[in-house]
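Engineer: Can you read through this structure? Questions will come right after.
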Amino acid sequence: MNDYILRATFAGDSGRIFVANTKETVNKAFEYHKTSPVMTAALGRTLTGAAIMGSMLKSDDDLLTISIKGDGPGAGITVTANNRVQVKGYPFNPVVDIPLKSNGKLDVSGALGYGTMTVIKDLGLKDPYVGQIPLVSGEIAEDLTYYFAKSEQVPSAVSLGVLVDRDYTVKQSGGFIVQMLPSADDEVISKLEEKMKNIKSITKMLDEGMDCEQILNEVVGDMQPKIYEKIPVEYYCNCTRERVEKALISIGRDELTDILEKDKQATLHCHFCNKDYHFYENDIRDILNRSAK
């Protein structure tokens, strides 16, 4: 696995930056979901953003979910990430065929349409933190920028990109999030804002062969960056037959008995890796017998 996130600070620790290469992670998502190019881009950008945000979580048990719902043909996306930067996700509609934008780019905003982005952070407290914003562009990066400003009051610059190859596989994928901390002065903020106006796209930098360290240098190299951590990223679905069986048990004995009498079997589907788990008549009887003890 070559995917990783670089975590660093800059300008005397008055800002922090996360730079990610997620090509293999997003390609794994493409293999699971057989997405069309525009949905590969939409899902990939969301996975990359969630991976970076997952790396910001403190505890091993913390979990982040990004849920996008729109009125476009893509309908929406759900992605989760933990602080070990294991991510997984799925599009509501994996195959969307719409024209390219006038600049020749994939029309992610057109695929998602108007709607909302909800960020849920389960931090082990009584209630999870929930922040919701309207989609300001549907391009994902701009929406996360708005989310950080609106819901977390953290000035941020977000760049996310996926370059789809001619055979529909993922040629490049990555992103960065730059955040100013309360100690940042106006000079540093102005310098960064000016830099963001002229920075190349993340996919262009990756396609030129730049690694995360070189991209870090491109973005804040003149502001004394200090690298603290290099974090592996992977697409990881933790579904197992045992976990799915617990979900089946949770529907209750009456419902299970009804399934046994009417259908003689049940199939549960994992949206994240598209795996089906089949429970036949003997399996359901066994579950009922064990749950009665």
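Read the figures in this text as sums done on the coordinates, not as results from a lab. Model, not experiment: these values are computed from the prediction. All Cβ positions, even for glycine, are placed from backbone atoms using ideal geometry, and neighbour counts span all protein chains on display.
Engineer: So which chymotrypsin sites (Phe, Trp or Tyr not before Pro) in region 157-237 end up in coil per DSSP with only 14 or fewer other C-beta atoms within 10 Å?
Structural biologist: Answer by residue number: Y168.
Engineer: How large is the dipole of the chain about the Cα centre if only Lys and Arg carry +1 and Asp and Glu carry -1, each at its Cβ, rounded to the nearest 20 debye?
Structural biologist: With only Lys, Arg, Asp and Glu charged at Cβ, the dipole is about 280 debye.
Engineer: Using only the alpha carbons of region 2-72, what is the convex hull's orientation-averaged projected area in square nanometres?
Structural biologist: Its Cα hull, projected and averaged over all orientations, spans 6.7 nm².
Engineer: In addition: Taking a threshold of 31 Å on the Cα-Cα distance, which of the pairs K126/K171; K105/K226; K204/K230 fall above it?
Structural biologist: On the way: K126/K171 42 Å; K105/K226 34 Å; K204/K230 22 Å.
As for pairs spanning more than 31 Å Cα to Cα, those are K126/K171; K105/K226.
Engineer: Take every DSSP beta bridge whose two residues both sit in region 4-235, then give the antiparallel share in percent to the nearest 5.
Structural biologist: That works out to approximately 95 percent antiparallel.
Engineer: Testing the spin-label approximation: label points 7 Å from Cα along Cα→Cβ at N103 and T116. State their distance in nm.
Structural biologist: Using points 7 Å along Cα→Cβ, the separation is 3.0 nm.
Engineer: With 28 Å as the cut-off, how large is the P(r) tail for the chain, expressed as percent of Cα-Cα pairs?
Structural biologist: I get 42 percent for the Cα pairs in the chain exceeding 28 Å.
Engineer: Straight-line reach only, C-alpha to C-alpha below 22 angstrom: list the lysines that K246 could link to, leaving out same-chain residues fewer than 8 apart.
Structural biologist: List returned: K88, K262, K264, K275, K293.
Engineer: Express the relative contact order of region 241-291 as a whole percentage, based on alpha carbon pairs under 8 Å and six or more residues apart in sequence.
Structural biologist: Here the relative contact order equals 35 percent.
Engineer: Placing +1 on the Cβ of each Lys and Arg and -1 on the Cβ of each Asp and Glu in the chain, which of T118, P91, N282 has its Cα farthest towards the positive end of the resulting dipole?
Structural biologist: Highest projection toward the positive end goes to N282.
Engineer: Where does the chain land at 222 nm, in deg cm²/dmol rounded to the nearest 500, when only DSSP H runs of n ≥ 4 count, each adding -39500 (n - 2.57), divided by all residues?
Structural biologist: -10500 deg cm²/dmol
Engineer: Next question. On a straight-distance basis, which aspartates and glutamates could pair with K150 in a cross-link, Cα separation under 14 angstrom, same-chain partners fewer than 8 positions away excluded?
Structural biologist: E142
Engineer: Additional query: Give a quick list of trypsin sites (Lys or Arg not before Pro) in region 228-279 that DSSP marks as loop, anything other than H, G, I, E or B, with at most 13 other Cβ atoms within 10 Å.
Structural biologist: Here the sparse-neighbourhood loop sites are K264.
Engineer: Using Cα pairs under 8 angstrom and six or more residues apart, how large is the relative contact order of the chain, in percent?
Structural biologist: Relative contact order, the chain: 24 percent.
Engineer: Output the peptides 101-110, 183-192, 87-96, 8-17 sorted from most to least packed, where packing is the average of other Cβ atoms within 10 Å over each peptide's residues.
Structural biologist: Working: 101-110: 15.4, 183-192: 13.8, 87-96: 21.6, 8-17: 19.6.
Descending mean neighbour count gives 87-96, 8-17, 101-110, 183-192.
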